[in-house]
2 protein chains.
Amino acid sequence: MISILPVEGLPEVTSGDNLAELIAGAITLQPYDVLVVTQKVVSKAEGRVVPLDPADPEARQRLVRHESVRVLREREELTIAETRHGFVCANAGVDQSNVKSGQATLLPTNADRSARRIRDALHARTGLQLGVIISDTFGRAWRNGLTDVAIGCAGIAALVDLRGTEDALGRKLTSTEVCIADEIAAAAELVKGKAAGIPVVVVRGLQSAWFRESSVRREVVRPHHLDLFR
Amino acid sequence: MISILPVEGLPEVTSGDNLAELIAGAITLQPYDVLVVTQKVVSKAEGRVVPLDPADPEARQRLVRHESVRVLREREELTIAETRHGFVCANAGVDQSNVKSGQATLLPTNADRSARRIRDALHARTGLQLGVIISDTFGRAWRNGLTDVAIGCAGIAALVDLRGTEDALGRKLTSTEVCIADEIAAAAELVKGKAAGIPVVVVRGLQSAWFRESSVRREVVRPHHLDLFR
């Protein structure tokens with residue numbers, strides 16, 4: 001059984017806050033817990049907040065361009081862009097929700113590193129083997145609706161490679177690399193909600209074999225030369 | 001808190017099996033449970049299994065073409081195709097894993113209907129308000145690794161529209177339609193595993209407000225004229 005638990009009672013996060021300390025104060029962790037931390041509070045804690053006049057669409061557009069290395073599609077107010085990290089998402093991660101009016105958050109510079117810092121600090125406090133995933137809400141090609149995905153991780157595999165293992169009928173599976181980091185982020189979103197103010201969730205009961213060093217950027221971001229849709 | 005529980009002890013499913021009966025015999029359901037049922041067992045129960053010579057790549061290719069309305073990309077053994085249902089996935093859902101050698105499964109003709117039948121039968125037995133999601137394992141653009149998504153649903157919303165609600169700072173959210181059906185399918189996959197032979201999972205503890213009539217085809221499949229990547 002897997003349990004998904006909201007971490008309640010966290011204060012409003014601002015620049016310079018120590019997220020690991022806030023989390024450790026709010027919940028008693030167990031071995032092999034995975035903490036799923038919303039990008040928004042990581043960006044705030046890391047000071048990735050910039051002024052942005054909500055009445056000036058061109059200022060927003062300039063900021064989106066600055067955060068992009070490539071624009072894939074544009075339609076009215078929506079820009080689908082590739083970020084420096086290799087993520088393809090709306091407005092290159094520039095986000096004006098859940099910040100004060102006149103501000104926007106940018107994606108963390110390196111969300112794998114953000115995850116590692118939180119994991120290391122929690123490990124130092126508790127001695128437990130833990131995983132941390134930084135999640136964000138992305139759209140997808142071909143399907144309506146947003147889902148939460150992992151933009152950074154530490155201590156928990158991003159991909160689990162089941163290639164070469166056998167299925168239930170003893171046939172070799174040829175290609176089944178599952179992105180458990182995205183599935184964990186999606187699961188966490190179900191208790192988080194967009195507006196509920198629950199920025200951290202614990203996912204408990206995952207297989208201990210999945211806990212290892214990892215990186216969303218190395219494992220999940222598909223390199224250009226292997227990508228059929230960029 | 002949300003719990004994700006494997007339904008253990010189900011027999012190997014074959015054509016004509018009554019999935020609702022098998023599920024009801026294997027687990028005690030509670031109000032607002034969502035059953036996530038793997039496409040593979042739905043296809044088997046519905047007889048969507050066809051002979052396919054594993055030594056004949058052209059036979060496989062013909063079958064993939066037959067299941068496709070449009071081919072988006074082709075590279076060596078991989079065809080990314082759009083199915084009759086509007087799903088974009090590898091090999092139009094033709095799948096040779098977890099079936100006997102010499103066979104392949106096709107996607108259910110109408111997975112929303114498959115979900116509805118199971119939900120109706122479980123509701124008739126238990127009187128409980130329940131949701132059913134039929135899940136399959138799809139690749140994505142831009143990101144490595146597969147994740148489970150919903151290809152059919154009944155009784156539980158596919159999309160939850162948070163547009164117009166307020167975020168934690170009182171700002172209006174402009175566009176946050178979350179595809180909870182895909183997030184629930186992804187969460188279920190974490191206890192299912194590819195090779196573990198757990199074709200049905202219960203997700204317990206979801207918001208009761210999310211339980212309503214629904215359809216993956218109507219809500220999640222993005223119409224062509226709104227799709228920037230087809």
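Just so it is clear, none of the values below were taken in a lab; they were calculated from the coordinates. Everything quoted here is computed from the prediction, not taken from an experiment. Cβ placement follows ideal geometry from the backbone for every residue including glycine, while neighbour counts extend to all protein chains displayed.
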Under the Karplus relation 6.51 cos²θ - 1.76 cosθ + 1.60, θ = phi - 60°, what is the ordered set of whole-Hz ³J(HN,Hα) values for the range A:17-26, x standing for Gly and Pro? 4, 9, 5, 4, 5, 4, 5, 4, x, 9
Alpha carbon centre of the range B:74-88 versus the range A:12-66: separation in Å? 37 Å
Pairs A:Lys192/B:Lys44; A:Lys44/B:Lys192; A:Lys40/B:Lys192; B:Lys44/B:Lys192: which are spaced more than 28 Å apart, C-alpha to C-alpha? A:Lys192/B:Lys44; A:Lys44/B:Lys192; A:Lys40/B:Lys192
Bin width 10 Å, alpha-carbon pairs only: give the P(r) of the range B:49-135 as whole percents, running from 0 to the bin holding the largest distance. 17, 38, 26, 14, 5, 0
Between copies, how close do the A:Pro11 label points come, placed 7 Å along Cα→Cβ, listed in nm from shortest? 6.1
Taking amide hydrogens as modeled 1.01 Å from N in the peptide plane, which residues meet the under 5 Å criterion relative to B:Phe229, leaving out close sequence neighbours? A:Trp142
Long-range HN-HN contacts of B:Glu46 with modeled amide H, under 5 Å: B:Gly16
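Would you mind giving the mean number of other chain beta-carbons within 10 Å of the Cβ of each residue in A:221-230, as a whole number?
Values: counts 3, 7, 1, 1, 0, 2, 4, 9, 9, 3.
If you average over the peptide's residues, the count of other-chain Cβ atoms is 4.
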State, to one decimal in nm, how far the label point of A:Arg62 lies from the label point of B:Asp53, with both points 7 Å from Cα in the Cβ direction. 6.6 nm
Coordinate range along principal axes, alpha carbons of the protein assembly as shown, Å, largest first: 60, 43, 40
Find every distance from the label point of B:Gln30 to the corresponding label point in the other copies (7 Å from Cα along Cα→Cβ) and write them in nm, one decimal, shortest first. 1.5
Measure off 7 Å from each Cα along the Cα-to-Cβ vector at B:Asp120 and A:Arg113, then give the distance between these two points in nanometres to one decimal. 5.7 nm
Using θ = phi - 60° and the Karplus form 6.51 cos²θ - 1.76 cosθ + 1.60, what ³J(HN,Hα) does each residue of the range B:49-65 get, whole Hz, x for Gly and Pro? 10, 10, x, 8, 5, x, 8, 10, x, 6, 5, 4, 5, 4, 5, 4, 4
Of A:Asp56, A:Asp148, A:Asp95, which has the largest mean-square fluctuation in a 10 Å C-alpha GNM of chain A? A:Asp56
Count the net charge of all other residues whose Cβ sits under 12 Å from the Cβ of B:Glu21, scoring Lys and Arg as +1 and Asp and Glu as -1. +1
Looking only at GluC sites (Glu not before Pro) in DSSP loops with at most 12 other Cβ atoms within 10 Å, what is the longest site-free stretch of chain A? A:78-212
Chain B: most fluctuating residue of B:Leu122, B:Leu206, B:Leu162 per GNM, C-alpha cutoff 10 Å: B:Leu162
Provide the per-residue ³J(HN,Hα) series for the range A:77-86, in order, calculated from phi with Karplus coefficients 6.51, -1.76, 1.60 and θ = phi - 60°, each as a whole number of Hz, with x at glycine and proline positions. 7, 9, 10, 9, 10, 9, 8, 3, 6, x
With the label 7 angstrom out along Cα to Cβ, how close does B:Asp161 come to the same site in each of the other copies, in nm, nearest first? 4.5
Can you list residues whose amide H is under 5 Å from B:Ile134's amide H, if they're 5+ apart or on another chain and H is modeled 1.01 Å from N? B:Val37, B:Ile151, B:Gly152, B:Cys153
Quick note, the range B:1-83: a/c under 1.5 would make it rounded; otherwise a/b > b/c is prolate and the rest oblate (a ≥ b ≥ c, C-alpha gyration tensor); here it is prolate
With no solvent term and unit scatterers on the alpha-carbon positions of chain B, Debye gives log₁₀ I(q)/I(0) at q = 0.10, 0.17 Å⁻¹ of -0.47, -1.27
Per DSSP H run of n ≥ 4, the term is -39500 (n - 2.57); total these for chain B, divide by its residue number, and report the mean residue ellipticity at 222 nm rounded to 500 deg cm²/dmol. -7500 deg cm²/dmol
